[in-house]
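To start, the structure under review is shown below, and the notes come after it.
Since every read-out is calculated from the coordinates, none of them should be taken as a lab result. Here the structure is a predicted model, which is why all the values come from computation and not from measurement. As a convention, Cβ positions derive from the backbone with ideal geometry for all residues, glycine included, and neighbour counts pool all protein chains shown.
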Amino acid sequence: MANQNQHNDWRSKLHEIIYEADTPAGKLFDVVLLIAILASIILVMLESIKSFDDKYHTFLDISEWVITILFSIEYIARIISVKKPLKYMLSFYGVIDLLSTIPKYISLFLAGTHALVALRALRLLRIFRILKLARYLGASNQLANAIKASRAKIAVFLFAVIIASVIFGTIMYLVEGEEHGFTNIPKSVYWCIVTLTTVGFGDIAPETPIGQFIATIIMILGYGIIAVPTGIVSAEYTKASEDDSNKISDEEREQLETVQLNTQCCVNCLTETHRDGAEYCFKCGCKLHHD
């Protein structure tokens, strides 16, 4: 019984260090982790520079292996410190942690795959926990909901743009012809899309007066088209914000603004963003603080 309690206490302390950023040890762990991630990304960038890699290849390779081994140890520690390892492994951060660790090992068998360690940049999302930015994720959820609510209107708009591109592209093919670079209708449609989006690569350009006049119209339309999706999403976002404001009273809004969240992570379901002082997980009811 005593050994079991010691084992649970060891796992609890490890969980507190790895998954929580409110304690000094947890903050230190996350800061060191972010520094290691940044260092790894910089090493991959430097390795892609041939002159630098030729001169410091051994150093870069050893450094990447050191960081990879550290990440491997961290990944294993995350698994053994939770009650439901599979839940962590299949979670968003669990998949990212795995993908950021295995490329270096795969490079032993498949050349060139070591560059995939740049996926470690996704691990920088953990900065939300360290800086306690999770409370602001509600605004991002509102934006996501606004885009979702606008998807039908945006789809109709994009369909109209595609039709316009096909029509104008076909016209430009007939007006300009092969001698001016418009060798076929698909290539002419490509030019129209590039022009309509105001990108303007300049690899193909109309040379006849009529073609240049049509191109001018397309360019002007492009400026108007850019504003349409933004306006649609903005309108939905404003509507969603007003609806949310109407659902809560001034007193409730003031309470929500003063709520302080911490990085306490439930050892059972891995849920975060609990209120300061909370003793139990709001999702599964598991006790947060270990005696």
query: Applying the Karplus parametrisation 6.51 cos²θ - 1.76 cosθ + 1.60 with θ = phi - 60° to the phi angles of the stretch 84-99, what ³J(HN,Hα) value in whole Hz is obtained for each residue in order, glycine and proline being reported as x?
result: 10, x, 5, 5, 5, 4, 9, 6, 4, 5, x, 5, 4, 4, 5, 5
query: Among Ile204, Ile69, which comes first, then next, by fewest other beta-carbon atoms within 10 Å?
result: Ile69, Ile204
- request: DSSP loop (so not H, G, I, E, B), at most 10 other Cβ within 10 Å: list which chymotrypsin sites (Phe, Trp or Tyr not before Pro) in the stretch 146-205 pass both filters.
  value: Phe201
- request: Report the net charge of residues surrounding Pro24, where surrounding means a beta-carbon distance below 14 angstrom and charges are Lys +1, Arg +1, Asp -1, Glu -1.
  value: -2
field: Value of relative contact order over the stretch 4-101, rounded to a whole percent, pairs C-alpha under 8 Å and six or more apart
entry: 24 percent
- prompt: Here are some pairs, Lys55/Lys104; Lys27/Lys84; Lys83/Lys104; which of them have Cα atoms lying more than 22 Å apart in this structure?
  reply: Lys27/Lys84; Lys83/Lys104
- prompt: What are the semi-axes of the equivalent ellipsoid for the stretch 11-61, taken as the square roots of 5 times the Cα gyration tensor eigenvalues, largest first, in whole Å?
  reply: 34, 9, 7
For Ala144, net neighbour charge (Lys/Arg +1, Asp/Glu -1) across residues whose Cβ lies under 12 Å away: +1
message: Beyond a 19 Å Cα-Cα separation, which of these cross-linked pairs lie in this structure: Lys153/Lys239; Lys239/Lys283; Lys148/Lys283?
response: Lys239/Lys283; Lys148/Lys283
